[in-house]
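Engineer: A single structure is presented below for examination.
The values are calculated or read from the model by the stated rules, or taken from the named source; none is laboratory data. Treat the numbers as computed from the prediction; the structure is a model and nothing was measured. Quick reminder, even Gly has a Cβ in these numbers, built from the backbone with ideal geometry, and neighbours come from all protein chains shown. Please note that ligands, DNA and RNA were not included when accessible areas were found on the heavy atoms of the full protein model with its side chains. Shrake-Rupley method; radii C 1.70, N 1.55, O 1.52, S 1.80 Å.
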Amino acid sequence: MIERFIHHLRVELPAPGETVAGARIRLADKFPRTALRRMTHLGLLVGSALDGSMLEPEDAMVYASTYSETHALEDYLMSFPQPSPSLFQASIHPSGAQQVLIGRQQPIARLWPLAGQTRLLEQALLTVLVEPARRVALVGGEECGGWMIQYNMASPRSFAFAAVVTREAAGAAGRITFTPAMQADDACPSLEEFTQALAERGSLTWHGGGGLWRLEWS
């Protein structure tokens with residue numbers, strides 16, 4: 001069995017319908033004013049989730065998102081046939097996690113950005129398990145889309161989470177374990193389901209990728 005322990009944990013589950021403008025008002029005290037107006041909704045949520053994580057230059061980060069900055073892309077596409085240069089800039093902005101690290105001038109040893117859908121969570125957790133850094137920030141989230149939701153190209157809900165994961169059990173709030181087992185794969189929890197479990201301190205158990213995964217709490 002391989003295990004890692006969850007220490008810092010923060011989850012962002014904003015009220016349905018929150019806009020990027022609303023998030024800038026709600027989270028204004030967490031960001032420099034000059035950075036605030038350039039950040040996407042997902043960047044703001046990730047930044048709030050990472051608040052208090054106290055990352056160090058030798059730490060690593062695993063960042064998972066299926067759709068990333070979809071709403072920013074929607075806004076740019078809707079500006080045609082006179083495309084907006086400012087909206088174009090926002091649509092190609094660095095990921096939510098990078099926005100936070102750049103804005104806080106926070107160097108880290110490695111950043112592992114992952115995208116996917118059906119088994120994205122397993123990919124992210126596996127990356128955490130094999131990452132050699134003593135502390136790994138496991139970060140993920142989505143920003144709610146608009147018209148792209150009907151094409152399954154955007155998330156219907158905004159959310160974000162950040163957990164600092166280590167090999168040290170002392171003081172941990174929970175743990176993630178992987179036990180090799182030859183059994184057919186179950187459905188992997190979605191990133192949103194994992195976020196909800198983190199928020200509620202709910203346990204998860206499923207088979208996937210050649211083993212048994214567990215999320216448990218102290």
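Engineer: Residue 64's amide H: which non-local residues (gap 5+, or another chain) put their own amide H closer than 5 Å, with H modeled 1.01 Å from N in plane and none for Pro or chain starts?
Structural biologist: The answer is 114, 139, 140, 141.
Engineer: Would you work out what percent of the accessible area of the range 59-205, with all protein chains in place, is carbon or sulfur (probe 1.4 Å)?
Structural biologist: In the range 59-205, the share of accessible area belonging to carbon and sulfur is 58 percent.
Engineer: Calculate the dipole size of the chain relative to its Cα centre from +1 charges on Lys and Arg beta carbons and -1 charges on Asp and Glu beta carbons; express the result in debye to the nearest 20.
Structural biologist: 520 debye
Engineer: For the range 178-218, just list the percent of Cα-Cα distances falling in each 5 Å bin from zero outward, please.
Structural biologist: 6, 26, 27, 21, 14, 5, 0
Engineer: Next up: How much space per residue, in cubic angstrom, does the convex hull of the C-alpha atoms of the range 137-194 take up?
Structural biologist: It is 116 Å³ per residue.
Engineer: Please state, rounded to one decimal and in Å, the Kirkwood hydrodynamic radius that the chain gives when every pair of distinct Cα atoms enters the mean of 1/r.
Structural biologist: Mean inverse Cα-Cα distance, inverted, gives 17.8 Å.
Engineer: Normalised by the residues of the chain, what does the relative contact order come to in percent, with Cα pairs under 8 Å and at least six apart?
Structural biologist: 30 percent
Engineer: Residue by residue through the range 191-204, which ³J(HN,Hα) values in whole Hz follow from phi under the Karplus form 6.51 cos²θ - 1.76 cosθ + 1.60 (θ = phi - 60°), with glycine and proline marked x?
Structural biologist: Here the 3J(HN,Hα) series is 4, 5, 5, 5, 4, 5, 5, 4, 5, 9, 6, x, 7, 10 Hz.
Engineer: Moving to a separate point now. Quick one: the Cα spread of the range 1-102 along its three principal axes, in angstroms, biggest first?
Structural biologist: If we take the Cα atoms of the range 1-102, the spans are 55, 30, 29 Å.
Engineer: With θ taken as phi - 60° and the coefficients 6.51, -1.76 and 1.60, list the Karplus ³J(HN,Hα) couplings across the range 37-48 in order, rounded to whole Hz; mark glycine and proline as x.
Structural biologist: 6, 9, 8, 7, 4, 5, x, 5, 5, 5, x, 5
Engineer: Separate question: I want the local charge near residue 108. Using Cβ-Cβ distances under 15 Å, sum +1 for each Lys or Arg and -1 for each Asp or Glu among the other residues.
Structural biologist: Net charge around residue 108: 0.
Engineer: Next question. Can you list the HN-Hα couplings for the range 205-218, worked out from phi with the Karplus curve (6.51, -1.76, 1.60; θ = phi - 60°), rounded to whole Hz and with x for Gly and Pro?
Structural biologist: Whole-Hz 3J(HN,Hα) from phi for the range 205-218: 9, 7, 9, x, x, x, x, 9, 9, 9, 10, 10, 10, 6.
Engineer: While we're looking at this one, here's another question. Once neighbouring chains are kept in place and the probe is 1.4 Å, which whole percent of the accessible area of the range 11-57 is contributed by carbon and sulfur?
Structural biologist: Carbon-and-sulfur percentage of accessible area, whole number: 58.
Engineer: What does the accessible area per residue of the chain come to in Å², with a 1.4 Å probe and no ligands, DNA or RNA counted?
Structural biologist: The answer is 49 Å² per residue.
Engineer: Using packing as a proxy for protection, rank 96-109, 5-18 so that the peptide with the highest average count of other Cβ atoms within 10 Å comes first.
Structural biologist: The densest-packed peptide leads the list: 96-109, 5-18.
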